[in-house]
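The values are calculated or read from the model by the stated rules, or taken from the named source; none is laboratory data. Here the structure is a predicted model, which means the values were calculated and not measured. Cβ sites come from the backbone with ideal geometry, for glycine too, and all protein chains shown count toward neighbours.
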Amino acid sequence: MIKLPGIIKALRRKKFPFKFIYSEHYWMVDLENHVFPIEKYRLIYRELLHMGAKKGTILESLPASEEDLLLVHTPKYLKKLKTGKLSQSEILTMELPYSPELMEFALFHAGGTILAAETALKDGLAVHIGGGFHHAFPDHGEGFCVVHDVAIALEKMKNEERIEKAMVVDCDVHQGNGTAFIFSYKDYVFTFSIHQMDIYPAVKSSSSLDVGLWSGDGDKEYLSSLGLHIPRIYKDFQPDLIFYLAGADPYQHDQLGGLNVSLEGMRQRDRLVIEEARKIHIPIVILFAGGYAYDVQDTVTIHLNTIKVAQRIQRKYS
């Protein structure tokens with residue numbers, strides 16, 4: 001006969017059927033009252049502890065190595081980042097105040113996405129409480145993005161022969177221009193972006209498939225447009241790994257977006273992207289990408305809802 005404490009422990013172990021990747025370095029940088037909600041990482045981590053996440057469920061990220069960064073970024077750009085010798089124009093394009101701590105922030109996020117990719121390939125799904133910096137280019141940072149963590153992790157998995165093909169499903173409100181540029185001539189990567197057209201970036205690189213929406217489109221247009229392509233692109237391309245950028249910024253009260261998607265619409269988006277991947281046993285890395293709600297707690301709630309959706313789906317298909 002199983003004793004009650006044993007049952008409780010077993011249920012707690014099953015509470016999260018996947019692992020999280022996180023580091024306190026994600027929020028230990030001063031962005032000088034920037035619109036980027038750096039505190040969201042700490043708040044999400046705290047909520048996960050309240051939800052029962054235990055040691056062993058949350059993995060500590062390590063900084064990406066220079067060798068990893070060079071899979072995507074130019075030596076000249078990395079030297080500028082390390083020495084702090086970016087021009088004023090380059091800092092303005094990056095739209096973040098440069099500091100050594102910012103570089104550390106970027107390195108730990110890149111290392112976290114690498115660890116998340118490795119973990120997803122083993123477990124079927126992993127959640128990175130961070131990452132998704134899709135505007136970084138090989139030779140410069142842009143749009144709050146210093147280095148391209150997704151491209152670095154993807155190229156590392158490919159370089160180490162852990163995967164043959166990968167897909168990036170980008171549901172941030174802003175088009176993943178850096179992602180599209182980096183992988184534009186690489187047939188082993190399929191890049192998909194559903195985004196708002198009438199906002200940054202003004203010039204959008206071409207993804208494998210772009211779905212452009214407009215300010216005010218709302219849940220119906222957003223979800224029907226997404227559903228036209230998922231799961232079809234999964235079945236057609238058959239990737240070995242999916243990087244899902246679950247941006248919180250399509251939300252109706254976001255400061256930098258205008259797609260007017262409700263909280264329920266965001267949950268339905270997550271359900272479609274994640275479930276259709278796990279249904280056909282494709283490993284998926286979930287990254288939180290952007291989110292700039294007027295109330296940071298709304299952004300935190302959206303990211304936590306993504307986790308809860310993933311939790312139910314992974315239990316169902318693992």
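Observations on the model:
- Residues that are surrounded by 12 or more Cβ atoms within 10 Å (Cβ to Cβ) and acidic (Asp, Glu), drawn from the range 52-88: Glu60, Glu66, Asp68
- Just one of the listed residues (Leu102, Leu96, Leu59, Leu69) is closer than 22 Å to Thr179 by Cβ and in contact with a strand residue (DSSP E or B) (Cβ under 9 Å, 6 or more places away or on another chain), and it is Leu96.
- In the range 13-33, the residues that are at negative phi form Cβ pairs under 6 Å with partners that are in a loop (DSSP other than H, G, I, E, B) and buried (at least 21 other Cβ atoms within 10 Å of the Cβ), at six or more places apart or across chains, as follows: Phe20/Ile129; Ile21/Ser61; Tyr22/Ile129; Ser23/Ser61; Tyr26/Gly130.
- Only one of Ile44, Ile21, Ile91 that is of a type in the set (Val, Ile, Thr), buried (at least 18 other Cβ atoms within 10 Å of the Cβ) and in a helix (DSSP H, G or I): Ile44
- In the set (1) among the hydrophobic types (A, V, I, L, M, F, W, C); (2) at pLDDT 95 or above; (3) in a helix (DSSP H, G or I), Leu71 fails one condition alone, (3).
- Selection of the range 196-214 for residues being among the aromatic types (Phe, Trp, Tyr) and buried (at least 16 other Cβ atoms within 10 Å of the Cβ) yields only Tyr200.
- Test: Met103 is in a strand (DSSP E or B), farther than 17 Å from Phe288 by Cβ, in contact (Cβ under 8 Å) with a residue 12 or more places away in the chain and of a type in the set (A, V, I, L, M): no
- Counted residues, the range 168-201 - those being hydroxyl-bearing (Ser, Thr, Tyr), closer than 21 Å to Pro283 by Cβ and over 13 Å from the mean Cα position of the chain (by Cα): 2
- Candidates Asp217, Asp172: the one that is touching a Pro at 6+ places or on another chain (Cβ under 9 Å), modelled with pLDDT of 95 or more and charged (D, E, K, R) is Asp172.
- Qualifying positions in the range 120-155 - crowded, with 24+ Cβ neighbours inside 10 Å and in a helix (DSSP H, G or I): Ala120, Asp149, Val150, Ala151, Ile152, Ala153, Leu154
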